[in-house]
Every structure is written in C-alpha cells, then in structure tokens.
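Here's the structure, in structure tokens; my notes come after.
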Protein chains: 2
Amino acid sequence: MPEDLDRTDRRILRLLQKDGRMANADLARKVNISAATCHRRTQRLFEANCIRAVRAQVAPDAVDLSTLAIVGVVLDRSTSDSFAAFEQAVRETPEILDCHLVAGDFDYFLKIRVRDMEHFNRLHATRLIVLPGVRQTRTFFVMKEVVDNRPLDI
Amino acid sequence: MPEDLDRTDRRILRLLQKDGRMANADLARKVNISAATCHRRTQRLFEANCIRAVRAQVAPDAVDLSTLAIVGVVLDRSTSDSFAAFEQAVRETPEILDCHLVAGDFDYFLKIRVRDMEHFNRLHATRLIVLPGVRQTRTFFVMKEVVDNRPLDI
DNA sequence: TAAAAAGTGGAACAATCTTTCATGCCTGAA
DNA sequence: TTCAGGCATGAAAGATTGTTCCACTTTTTA
C-alpha cells in the first residue's frame with residue numbers, strides 16, 4: 001500500500017506534519033516544485049494513505065482534561081478471546097488515548113486523559129478494572145509532560 | 001490563558017480535531033453559524049492557543065518507522081539537575097515521541113519509534129542508556145497498536 | 001530505438017478565505 | 001426603566017487560494 005516516496009514526497013510530509021494547513025503555494029515554494037505538481041503530490045499522499053488524517057492538536061487544559069496517566073494492564077491468560085474483548089472495550093472508551101499490546105511484565109499500556117484525579121478514580125473503578133479479563137492494573141500518574149506526540153523524524 | 005469556551009467553540013474544536021483541513025464553509029454549516037462568524041471563532045481558538053497546531057498524521061509504515069517501543073526509565077536520584085539534563089537530552093532525540101515524568105516505580109516513560117529492532121538496539125545502547133543520570137531502563141516492545149493518539153473527547 | 005506512460009509547469013477557471021459594514025444583543029450605570 | 005457602550009453576528013464584496021487543463025519533457029517498456 002505505501003508506495004515509494006522520493007525526497008520531495010518526504011519533504012512534503014515533513015512540512016505538513018508541522019503545519020497541516022500550510023497553503024499549497026507555500027508548500028510548493030519550500031519544496032521547489034510548481035503549485036500544480038505540489039497539489040498532485042499532496043493529493044497522492046492522501047490517497048495512498050501516507051497521510052492518515054490532518055488533525056488539530058487541542059490543548060488539553062483548554063477543554064479541562066489536565067490529568068494524564070499511564071496504566072499498565074495484566075490480563076487473565078485464560079482465553080485469547082479475552083484479548084479481543086478487552087481491545088474492543090478499550091476502543092469504546094474515549095478517555096483512553098493510546099492502547100498498546102506489549103511484550104514484558106504487562107500485557108497492555110494505556111494512556112488516559114481525564115479532568116482530574118477524582119474522574120480518574122471513577123474511571124478506574126467503574127470502567128477499567130471491569131474491562132473483560134483484567135487481572136491487575138498499575139497506574140503511573142504523569143507529573144510533567146516533557147514531550148507529547150512529537151512529529152515523526154522524516 | 002484558556003478562556004471560556006461555549007458550546008459552539010467546543011464543536012469547532014471537535015470537528016477540527018477530526019479533520020483539520022475542513023473548509024470553513026463546511027465547518028460553519030455543521031456548527032450552524034455563518035462562515036464569517038465561524039472564521040472568527042476558529043481564528044480566536046488559534047490565537048488563544050486552544051489549538052496548538054494542525055498536523056498531518058503520517059502513517060509510520062510509509063516512512064519506514066514500523067517498530068514502536070515503550071521504555072520505562074529510572075534515574076539516579078543524586079541531583080535534581082540530572083532530571084533537567086535528561087529531559088533536555090530527550091528533547092534532542094527525535095525518535096522519542098513521548099516522554100512523561102511519572103510517579104511510581106519508574107521516573108519516566110518514553111515512547112520510541114524506529115525502523116526496526118536493530119535500529120532500536122543501536123539507539124538503546126548508544127543514546128538511551130548514556131543519557132544523563134540513567135540508572136536503569138526497561139523496554140516493552142509494542143506488538144500491536146490498538147489505539148494510537150485518539151482525539152480528545154470534547 | 002520508438003512508442004507509451006507518467007510527470008511537470010504555466011495559465012485560466014472555480015472555489016475558498018478574509019474583511020468590511022450595518023444590525024442586533026447583551027451588560028452595566030444612571 | 002432607559003440608555004450608552006461594547007461585543008458578537010450574518011450578508012456581501014474583495015482578495016487569496018485551490019483545482020483543472022494543456023502542451024511539453026522525462027522516464028519506462030517493449
């Protein structure tokens with residue numbers, strides 16, 4: 001699916017990653033191609049799904065979601081269905097921003113953003129530990145976000 | 001800094017979070033205000049830094065960054081300067097997409113994206129464990145990305 | 001080597017953004 | 001209650017930008 005990207009495509013990706021609203025004319029100038037070509041290239045990158053989406057990065061504080069936590073989860077190993085059930089439940093929980101199946105002492109790592117600790121506790125008690133197959137969780141509250149969601153190094 | 005957002009502002013944020021390139025006219029229609037008002041509102045959200053940036057989400061596979069790992073880090077507690085030095089070094093390492101200072105058994109959690117395990121091992125050996133004040137690291141390789149960087153629930 | 005396919009830039013056209021302006025709506029003071 | 005001030009709103013004009021067309025060049029394939 002992802003085709004070969006030349007130097008120009010990569011420069012477009014890098015620039016749109018920094019500013020997804022950059023005008024096509026500006027983009028073309030910075031990449032040293034004509035506006036028409038730049039437009040076609042960009043469109044192609046979208047159609048080839050090299051650019052999955054262009055999204056506004058909303059400041060969490062502005063929408064009252066200042067509390068961030070990382071949660072390690074261990075599942076019961078009984079059925080492999082429990083993994084699918086757990087993942088489906090995770091997808092239906094909007095507070096969970098990241099969920100990764102990992103190798104090691106945990107099965108999953110979750111990244112969760114909520115309003116405050118009280119909200120987290122409620123979420124944890126009523127929605128996390130009751131997720132399908134959850135045996136144990138360990139919560140790491142984030143005290144400082146040093147880097148969050150940095151653009152890829154293209 | 002983040003001012004009061006009414007229902008309309010929040011709807012704009014929610015929609016731009018899904019599609020940061022949505023035409024202003026479309027946005028206005030979906031939010032039931034005029035194009036002029038919508039434009040002003042959106043501009044205000046940018047100026048108030050409620051929208052930090054609009055960024056293209058590049059498919060990691062397309063740029064050969066398919067390997068994801070979560071790394072827990074423990075620092076020497078000796079000097080508090082070592083935390084600042086570590087964080088500065090992290091900021092200068094483009095492969096580190098996330099870095100959060102947490103409470104618990106680890107000091108930091110890192111999210112790292114590289115080409116493959118060989119690249120990760122080189123990064124780990126030559127750039128991670130030599131970061132200022134690092135005592136110990138534990139790596140969790142990601143086997144499946146269930147949810148990655150979901151938009152906020154506004 | 002030649003034909004076909006794909007990529008390129010300039011220019012015209014269409015669509016979009018941005019500003020202006022007159023109006024209406026709150027808020028607070030008299 | 002009444003009035004003035006500040007602020008937000010929508011319609012429309014003007015400025016900017018995106019999109020397509022075309023002739024031409026480069027690359028690929030047979």
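The values are calculated or read from the model by the stated rules, or taken from the named source; none is laboratory data. Keep in mind it's a predicted model, so treat the numbers as computed, not measured. FYI the Cβ positions are ideal-geometry reconstructions off the backbone, even for glycines, and counts take in every protein chain you see. Surface areas here come from the heavy atoms of the whole protein model, side chains and all, with no ligands, DNA or RNA. Shrake-Rupley method; radii C 1.70, N 1.55, O 1.52, S 1.80 Å.
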Legend entry - Over chain B: helical MRE at 222 nm, DSSP H runs n ≥ 4 each giving -39500 (n - 2.57), nearest 500: -10000 deg cm²/dmol
Inset, instruction - Every other copy gets compared here: list the nm distances from the B:Asp61 label point (7 Å along Cα to Cβ) to its counterparts, shortest first, one decimal. - result: 3.8
Inset, instruction - For B:Ala53, enumerate residues with amide H under 5 Å from its amide H, sequence gap 5+ or separate chain, H modeled in the peptide plane. - result: A:Gln57
Inset, instruction - Calculate the mean, over all residues of peptide B:5-16, of how many other protein chain Cβ atoms lie within 10 angstrom of the residue's Cβ. - result: 2
Legend entry - Amide proton proximity set for B:Phe140, modelled H, under 5 Å, gap of 5+: B:Ile70, B:Val71, B:Gly72
Inset, instruction - Report, for B:Gln88, each distance to the same residue's label point in the other copies, shortest first and in nm; define the point 7 Å along Cα→Cβ. - result: 5.1
Legend entry - Listed residues B:Phe106, B:Gly133, B:Cys50: farthest to the positive end of the dipole of the protein assembly as shown (Cβ charges): B:Cys50
Inset, instruction - Could you work out which residue, out of A:Ser34, A:Ser82, A:Ser66, moves most in a Gaussian network model of chain A, that is, has the largest mean-square fluctuation with Cα springs under 10 Å? - result: A:Ser34
Inset, instruction - Filter the cross-link list A:Lys18/B:Lys18; A:Lys144/B:Lys30; B:Lys30/B:Lys144 down to pairs whose alpha-carbon distance in this structure exceeds 27 Å. - result: A:Lys144/B:Lys30; B:Lys30/B:Lys144
Legend entry - Under the Karplus curve 6.51 cos²θ - 1.76 cosθ + 1.60, θ = phi - 60°, whole-Hz ³J(HN,Hα) for segment B:48-57, x wherever Gly or Pro sits: 7, 6, 5, 9, 6, 6, 10, 10, 6, 8
Legend entry - Gyration tensor (alpha-carbon) shape descriptor, segment B:40-81, a/c threshold 1.5: oblate
Inset, instruction - Give the nm distances, rounded to one decimal, from A:Ala23 to the matching residue in every other copy, measuring between label points 7 Å along Cα toward the beta carbon; shortest first. - result: 1.8
Inset, instruction - Compute for chains A and B the buried accessible surface, both sides summed, probe 1.4 Å, and express it in Å² to the nearest 100. - result: 6300 Å²
Inset, instruction - Would you tell me the mean number of C-beta atoms belonging to other protein chains that fall within 10 Å of each C-beta in A:137-147, as a whole number? - result: 6
Inset, instruction - Keeping the other protein chains in place, figure out the carbon and sulfur percent of the accessible area of segment B:110-154, with a 1.4 Å probe. - result: 46 percent
